[in-house]
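For reference, the structure is listed below as C-alpha cells.
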C-alpha cells in the first residue's frame with residue numbers, strides 16, 4: 001500500500017498507524033468525510049519572470065507565473081481529487097495569479113483571493129517591518145487553517161512558501177511547489193498537521 005509522509009497524526013488515527021505514517025487509503029477515506037483544510041503551495045513556476053515588489057496584482061508581467069508543467073500538474077491533481085471523491089467546499093487563494101490559477105485548476109471553479117494567503121514578503125508593510133509583518137501574516141494563515149470547514153466539505157487554500165514558514169515555522173518552509181499540507185482544525189487553537197502530500201501522491205492514489 002502506498003504511503004504518504006506524515007509529520008503528525010490525529011489522535012483517532014494513531015491507534016491505526018502506530019508507526020507514524022498515514023496510508024493513502026486511510027487519508028482519502030478521512031478526507032471524504034470532510035472537516036479538513038488542505039493547504040497547497042502554488043504549482044511549478046517559470047523562473048524566467050520574477051515578482052516585482054511591492055506586488056502589483058493586476059500586472060501579469062510583474063509576477064512569476066505558472067509554467068506549462070505547473071498548470072498541467074495542478075489540473076491533474078484536481079482531476080485526481082474529484083475522482084477520489086474528496087468534497088471541496090470553500091476555495092481561498094493568494095491574490096497572485098499563480099496561486100489563483102492553481103486554485104482554479106485544482107477545484108475546477110472560481111476561487112476567492114484573500115490578503116491572508118498572499119505572499120507575505122511582498123507587501124509594503126513587510127518590506128518596512130519584516131518581523132512584525134510576518135508574525136501577523138503567520139497568525140492570519142493559522143486562523144484560516146484552524147477554521148472548521150462548512151458541513152461535510154474540506155477547505156482548500158493556495159498560498160506561498162513564505163506563508164507556510166510564517167505560519168508553521170522554518171521546517172514548513174521546505175514545502176515544494178504543488179505540495180499540500182493537510183490539517184485538522186483544533187478547538188484548542190493549534191491546527192493539527194495530518195500529512196504532507198506531494199502532487200504525484202494524489203495522482204497515484206486516483207489510479
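The values are calculated or read from the model by the stated rules, or taken from the named source; none is laboratory data. Just so you know, these numbers come straight off a predicted model, no measurement behind them. Reconstructed Cβ throughout: ideal geometry from the backbone, glycine too, with neighbour counts over all protein chains shown.
Quick notes on this structure:
- Given (1) closer than 20 Å to residue 195 by Cα; (2) modelled with pLDDT under 90; (3) surrounded by 14 or more Cβ atoms within 10 Å (Cβ to Cβ), index of the condition residue 53 fails: (1)
- If you go through the range 71-106 and keep only what is free of Cβ contacts under 8 Å to residues at least 40 places away in the same chain and closer than 16 Å to residue 205 by Cα, you end up with 75, 78, 82.
- The set of residues in the range 13-46 that are in a loop (DSSP other than H, G, I, E, B) and either touching a helix residue (DSSP H, G or I) at 6+ places or on another chain (Cβ under 9 Å) or modelled with pLDDT of 90 or more (or both) comprises 13, 16, 17, 33, 34, 35, 42, 43, 44, 46.
- The set of residues from the range 84-140 being modelled with pLDDT under 90 and in contact with a helix residue (DSSP H, G or I) (Cβ under 6 Å, 6 or more places away or on another chain) comprises 120, 121, 125, 126, 133, 134.
- Note on the range 56-70: among residues that are in a helix (DSSP H, G or I), in contact (Cβ under 8 Å) with a residue 24 or more places away in the chain and over 16 Å from the mean Cα position of the chain (by Cα), the one that is surrounded by the most Cβ atoms within 10 Å (Cβ to Cβ) is 69.
- Some residue of the range 175-188 being out of contact with any strand residue (DSSP E or B) (no Cβ under 7 Å at 6 or more places or on another chain), closer than 17 Å to residue 35 by Cβ, modelled with pLDDT under 95 and surrounded by fewer than 19 Cβ atoms within 10 Å (Cβ to Cβ): yes
- Taken together, the residues in the range 150-174 that are surrounded by 18 or more Cβ atoms within 10 Å (Cβ to Cβ), in contact (Cβ under 8 Å) with a residue 24 or more places away in the chain and either touching a strand residue (DSSP E or B) at 6+ places or on another chain (Cβ under 9 Å) or in a strand (DSSP E or B) (or both) amount to 12.
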